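Report on one structure; see the data block that follows.
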Amino acid sequence: MGYATALRCRKCGQEYPLQPINLCDFCLSPLEVSYDYKAMAKGISREKLAGGPLTMWRYRDMLPVESEEVDIGTGFTPLVKADNLGRELGLDRLYIKNDCLNPTYSFKDRPVSVAITKAQEFGFDTIACASTGNLAASVAAHAAKANMKAYVFVPSDVEPGKLIGIAIYNPVLVTVDGIYDDVNRLCAKLTQKYNWGFININLRPYYAEGSKTLGYEVAEQLGWRAPDCVISPAASGLSFTRIWKGLDELSMLGLIEPVNTHMYLTQAAGSSPIVNAFQTGTLHVHPVEPNTIAKSIAIGNPADGYYALRAARQSGGGACAVTDEEIIAGMKLLAQTEGIFAEAVGGVVVSALRKLAASGLIKRNELTVALITGAGPRTQDIISDIVRPFTIQPSLESFEEVLGV
Ligand SMILES: [Zn+2]
């Protein structure tokens, strides 16, 4: 038995039963899952959690599911001490949470695993999503595992490597002539018409909860403590809010000390509506037209932008955007210091971290965790200029001549 009790409107507090709905009837604000934390606290301990499987499902009791989970082996990814990168950036206690190592190579497996488990509980035989690429791959993979039909919708300019990474799982793959925000609007209409479980629309409250496991894992892997600073990319802003919620829940349940983590969010300068709002001091996130190589997070009108903005402010954190040039430099630096080949979003995080450390906002001795959320090999084109091999004949002479040794 799970501890989820209801869906609650984040704005007006109106409660709804645990159903596949995502918006409040009264104020159209997003709904989120609420729990009986008193009962949960009685049923959960560090020891019990530590004895669970080495996947995100070790935190099953803190997720809103009743039935057996649809699991392809997601989570409990490495938290590595990044001494080389830390030296470059001037940070003595830097860790990288390497979520490239999930089954479909991005953190999206976390929210999708929860959402598709709920989709089965609700009796859907078809699931669907609007995606910039990574989510579609994850949905398609989980649908394969769960023997469900999947429709996935992506913008037509999605990277070719990502299309292959989706198509291999054999979903109905639809490319839409438009940007992500157009795809999302189309999917909202489809939700009204078809009785499908839309992972990030009518199943969104459950989907959101999966990202909390990133916060749980970081704290457990640090020896049951919250970091001083977390830096995370933001697209819709949803996962950013949930990572903070995950840390907060651990403290509420008495598993860690009160949380004083500063949450820093980062976006690409070519698609930075949340960062813009943070920097101008407004509460309103004004939509932008995305134009960046970091396509995974190129969302011009972020659904949870307001809440992500609030989390950054309330936690005493911040927001930082970086240019495409800086993104590529960040990708290379991460690979060449820590051996991690992340997608462009990883470059966003690393370059933003460099700026935040240089400006003194994140201090040298603060325990800082950088979230690297997706792997690079599906989007290699943007860094193809690095391929400069030495070409030689198969002889010792040629080797020494060409390399000058
Ligand atoms: Zn409401």
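Would you mind stating whether residue 89 is more than 18 Å from the chain's Cα centre (by Cα), over 17 Å from residue 196 (Cα atoms) and hydrophobic (A, V, I, L, M, F, W, C)?
Working: more than 18 Å from the chain's Cα centre (by Cα): yes; over 17 Å from residue 196 (Cα atoms): yes; hydrophobic (A, V, I, L, M, F, W, C): yes.
Answer is yes for this residue.
Every test in (1) among the small types (Gly, Ala, Ser); (2) surrounded by fewer than 24 Cβ atoms within 10 Å (Cβ to Cβ); (3) in a helix (DSSP H, G or I) is passed by residue 123 save one, and that test is (3). For the stretch 350-357, the count of residues that are in contact (Cβ under 8 Å) with a residue 40 or more places away in the chain, within 21 Å of residue 85 (Cα to Cα) and exposed (fewer than 14 other Cβ atoms within 10 Å of the Cβ) is zero. One residue stands out in the stretch 3-39 among those that are within 13 Å of the ligand (Cβ to nearest atom) and charged (D, E, K, R): the one that is surrounded by the fewest Cβ atoms within 10 Å (Cβ to Cβ), namely 25.
Scan the stretch 221-232 for residues that are in contact with a helix residue (DSSP H, G or I) (Cβ under 7 Å, 6 or more places away or on another chain), farther than 12 Å from residue 312 by Cα and not small (Gly, Ala, Ser) and the total you get is 3. Number of residues in the stretch 350-395 that are in a helix (DSSP H, G or I) and not aliphatic (A, V, I, L, M): the value is 10. Of all residues assigned to the stretch 59-75, at least one qualifies as being within 20 Å of the chain's Cα centre (by Cα) and either within 16 Å of the ligand (Cβ to nearest atom) or at positive phi (or both).
Would you confirm whether or not the stretch 169-188 contains a residue that is surrounded by fewer than 24 Cβ atoms within 10 Å (Cβ to Cβ), in a strand (DSSP E or B) and under 21 Å from the mean Cα position of the chain (by Cα)? So far as the stretch 169-188 goes, no, none of its residues is surrounded by fewer than 24 Cβ atoms within 10 Å (Cβ to Cβ), in a strand (DSSP E or B) and under 21 Å from the mean Cα position of the chain (by Cα). Residues satisfying the criterion are absent from the stretch 310-331 (criterion: basic (Lys, Arg) and within 18 Å of residue 372 (Cα to Cα)).
Conditions (1) aliphatic (A, V, I, L, M); (2) closer than 30 Å to residue 350 by Cα, marked per residue:
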site: 101; (1), (2): yes, yes
site: 113; (1), (2): no, yes
site: 131; (1), (2): no, yes
site: 135; (1), (2): yes, yes
site: 146; (1), (2): yes, no
site: 179; (1), (2): yes, yes
site: 193; (1), (2): no, no
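A short reminder: the numbers here are calculations on the coordinates, not readings from a lab. Just so you know, these numbers come straight off a predicted model, no measurement behind them. Here the Cβ is made from the backbone with ideal geometry for all residues, glycine too, and neighbour counts use every protein chain on show.
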